[in-house]
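Quick notes on the structure that follows.
The values are calculated or read from the model by the stated rules, or taken from the named source; none is laboratory data. The shown structure was predicted, so the numbers you read here are calculated from the model rather than taken from an experiment. Glycine gets a Cβ as well: all are built from the backbone with ideal geometry, and neighbour counts include every protein chain shown. The area values use the complete protein model at the heavy-atom level, side chains included, leaving out ligands, DNA and RNA. Shrake-Rupley method; radii C 1.70, N 1.55, O 1.52, S 1.80 Å.
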Amino acid sequence: MLRNRALQTVHAAAKRHVTSQVRNYSRRALTTLAAFPDLRMETMVQTTSKHGMDVIHDPLLSKGTAFSMSERERLGIRGLVPPRTQEMDKQLKRIIRNLRECKTPLEKFIFMNALQDRNETLYYRLLIDNLEELSQIVYTPTVGEACQRFHSIYRRSRGMYFSSLDRGQMSAMVHNWPHDQVDVIVVTDGSRVLGLGDLGANGMQIPIGKLSLYVAGGGIRPTSILPVVLDIGTNNEELLNDPLYLGMGHRRLEGEEYYSFVDEWVHAIQSRYPNALIQFEDFKYPHAYNLLHKYQDNICCFNDDIQSTSAVALAGVLAALKARGQAITDLNEERIICVGAGSAGVGVCEGIVDCMVEQGKVTSREDAYRRIWMLDQHGLLGNPHIASTDGSKPTSLGLGDRTSLDERQMCYLKKDMKDRMTLEEVVKSVKPTVILGLSGAPGVFTEGAIRAMAEGVEKPVVFPLSNPTRQSECSAEQAFKWTDGRAIFASGSPFKDVEYNGKTCKVNQINNVMSFPGLGLGITVSRASRVTSKMFMETAITIANMASEDQLKSGILFPGVSALREISKEVAVRVCEVAHEQGLARAQLRQGVSLKNIIEESMWSPHYVPLIRISQD
Ligand SMILES: O=C([O-])CC(=O)C(=O)O
Ligand SMILES: [Mg+2]
């Protein structure tokens, strides 16, 4: 009886707070709850209308073997789980032991996936406590293999799919998603998954992986994320011919059909979640750019491959200047080669140009473009009217034909150099100080090119940034060997540090994961209405300033993925500040509370909180 009364009071208190799953007790509820010995000291409680097996099988509610006795009673699950209550630390021991028994990264991926489907609290605790190791499983590089094999390893649905069958239905479909509060949506059309090309609907693992890191690294709530695939078809013959493929079995829609499909989705999702941040992910060039330009001034969205990759690559270059003992404001003195003229390549170079312009040491944007030499799969974007001196044919980097350049790529065209020069020729002629790889073409940084570069600069900055690991333009070992251990090295996917001539050469990871969780947190907390290029530039500078002098001296450009929550906090604070400075923030600042405190308080972290059952009405 007393219990029932207490439950009713909690129910009433809980109903007053409609937005969050985890609710603070009201004073009245707290007083009444003194009747529950196990809840007396608690400040948080999670409510649910579910009971019995429905609680055990809901990964957002389930605690597996950790339900307390009184919870078992309250929720009608007594007898439905083994009798001994096992705290989270014991569960973690069991889980880690089982994880270690998985033989391959893909097996680990499937194991982690299954854990996420059973118990998200435990999944995120495990992920956060082992970020360095497990981000390589649920995210890059293993997530790439998981995408390639998605249709064979498929177990249980997560996220939402919008396909060509759904045209005209999307604004109704968005209401099928079970959560009213969504803060971050990651959407892909699977057309350029990492450096692996068109993987169609199999690309779903990418939004899922990115969002896992939003939660683990940025403290976004697991209930407030939404992974989405826009299944517009695929041009991947292997998938089209595979009877087990789960996506639409037609070729990609293009042109007007494509853009109106995406537009219907954007309007539908906005009609239900007008304040959510939308992250466009792994859209191929030029759709990636076209969509960004279409929507960035109208809704709260950004493109991760263009803008976050750019912010982190810029952070890496700026930190490399510091590591060389130069000022970060001397970016204009660098000679930069970028191999890759797709969304990531052009995005990274745009970020560098923006920064040079902002630093004020170039005379114009064109002046900044002159310091960057861009190559696509055929070689240098040069002048086709300059005849080849040796009469030789241009060497292809092996990625098919170059289609005509668009205006963004044209900015980098070098009128005084012959078109399609090979990387090695360009290196010899330009004497670069920085080389960036965003080509998705493994091995494109050849020994000849890197050795030639190392002749002209004491500390060459070598950043092969394509993902996953096997798409990398060169390996860490090659980079250090070919530069006599002098390179400042960063890759998109993780490599191990390299021992060279008795010295440990440090490997950094430049991956957009350093940026997007913090950016998303900052946007969510400030409730910014737009994502701006200033936010990305400030993100880059914040990350570039995170390593200590000692770390920089030893070749470490910024703290690694294990420090992601710390990095995200710093980035989020700066993004919030910029949102307020630019008049885009819709959340009020709280007097007397620092932004850092607000950010810290708002970060979700995985702990079991007491579960209370409320009736549905
Ligand atoms: O997912 C990653 O590791 C980085 C990224 O966005 C990409 O390579 O497309
Ligand atoms: Mg991507």
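Name the one entry in A315, A320, A311 that is within 14 Å of ligand 1 (Cβ to nearest atom) and part of a helix (DSSP H, G or I). Just a single option satisfies the conditions, and that option is A311. Among the candidates F162, F109, the residue that is under 21 Å from M248 (Cβ atoms) and either open to solvent by less than 50 Å² (accessible area, probe 1.4 Å) or within 16 Å of ligand 2 (Cβ to nearest atom) (or both) is uniquely F162. Taking the criterion of being more than 11 Å from L375 (Cα to Cα) and part of a loop (DSSP other than H, G, I, E, B), the residues of the stretch 422-437 that qualify are K431, P432, T433.
Considering each residue of the stretch 557-614, count those that are among the aromatic types (F, W, Y) and out of contact with any Ser or Thr (no Cβ under 8 Å at 6 or more places or on another chain), and give that number. Count: 2.
Table: residues versus (1) touching a strand residue (DSSP E or B) at 6+ places or on another chain (Cβ under 6 Å); (2) closer than 19 Å to L564 by Cα.
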| residue | (1), (2) |
| --- | --- |
| Y123 | no, yes |
| L126 | no, yes |
| E132 | no, yes |
| Q136 | no, yes |
| T140 | no, yes |
| Y154 | no, no |
| R158 | no, no |
| V187 | yes, no |
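Among the residues of the stretch 290-311, the ones that are within 16 Å of ligand 2 (Cβ to nearest atom) and touching a Phe, Trp or Tyr at 6+ places or on another chain (Cβ under 9 Å) come to 12 in all.
Could you check, for the stretch 202-220, whether at least one of its residues is within 16 Å of ligand 2 (Cβ to nearest atom), polar (S, T, N, Q) and out of contact with any Gly (no Cβ under 9 Å at 6 or more places or on another chain)? Yes, the stretch 202-220 contains at least one residue that is within 16 Å of ligand 2 (Cβ to nearest atom), polar (S, T, N, Q) and out of contact with any Gly (no Cβ under 9 Å at 6 or more places or on another chain). Restricting to the stretch 453-505, and then to whatever is outside any loop (DSSP other than H, G, I, E, B) and farther than 21 Å from L552 by Cα, can you tell me which residue is least open to solvent (accessible area, probe 1.4 Å)? Only one residue fits best here, namely M453.
The number of residues in the stretch 195-221 that are open to solvent by 20 Å² or more (accessible area, probe 1.4 Å) and either within 12 Å of ligand 1 (Cβ to nearest atom) or more than 18 Å from R149 (Cβ to Cβ) (or both) comes to 4.
When the stretch 183-193 is filtered for residues that are of a type in the set (A, V, I, L, M, F, W, C), over 11 Å from the mean Cα position of the chain (by Cα) and within 13 Å of ligand 2 (Cβ to nearest atom), the ones remaining, listed by number, are V187, V193. Of the numbered criteria (1) open to solvent by 20 Å² or more (accessible area, probe 1.4 Å); (2) over 23 Å from A454 (Cβ atoms), the one V578 fails is (1).
Being surrounded by 24 or more Cβ atoms within 10 Å (Cβ to Cβ), away from ligand 1 (no atom under 13 Å from the Cβ) and modelled with pLDDT of 95 or more is a property that I232 has. Of everything in the stretch 120-150 that is away from ligand 1 (no atom under 11 Å from the Cβ) and assigned to a loop (DSSP other than H, G, I, E, B), the residue that is nearest to G492 (Cα to Cα) is N130. Looking across the stretch 259-295, the residues that are in contact with a Lys or Arg (Cβ under 7 Å, 6 or more places away or on another chain), of a type in the set (F, W, Y) and not in a loop (DSSP other than H, G, I, E, B) come down to F261, Y289. For the stretch 259-295, the tally of residues that are among the acidic types (D, E), more than 14 Å from ligand 1 (Cβ to nearest atom) and under 22 Å from I306 (Cα atoms) stands at 1. The residues in the stretch 67-81 that are aliphatic (A, V, I, L, M) and open to solvent by 10 Å² or more (accessible area, probe 1.4 Å) can be counted, and the count is 3.
All of A327, A344 fail the test of being open to solvent by 10 Å² or more (accessible area, probe 1.4 Å), within 30 Å of S548 (Cβ to Cβ) and within 15 Å of ligand 1 (Cβ to nearest atom), apart from A344.
For (1) β-branched (V, I, T); (2) surrounded by 14 or more Cβ atoms within 10 Å (Cβ to Cβ), each residue gets a yes or a no:
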{"residue": "R530", "(1), (2)": "no, yes"}
{"residue": "F536", "(1), (2)": "no, yes"}
{"residue": "K553", "(1), (2)": "no, no"}
{"residue": "S562", "(1), (2)": "no, yes"}
{"residue": "V571", "(1), (2)": "yes, yes"}
{"residue": "K596", "(1), (2)": "no, no"}
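Of all the numbered requirements in (1) buried (at least 24 other Cβ atoms within 10 Å of the Cβ); (2) modelled with pLDDT under 95; (3) more than 25 Å from the chain's Cα centre (by Cα); (4) hydrophobic (A, V, I, L, M, F, W, C), L399 misses one, and that requirement is (1). The residue that is farthest from ligand 1 (Cβ to nearest atom), counting only those in the stretch 296-308 that are in a helix (DSSP H, G or I) and open to solvent by less than 20 Å² (accessible area, probe 1.4 Å), is I306.
Taking R530 as meeting all but one of (1) within 26 Å of L438 (Cβ to Cβ); (2) in the same structural domain as G345 (by TED's automatic domain parsing), write down the number of the exception. Failing condition for R530: (2).
The single condition among (1) open to solvent by 50 Å² or more (accessible area, probe 1.4 Å); (2) touching a Gly at 6+ places or on another chain (Cβ under 7 Å) that E256 does not meet is (2).
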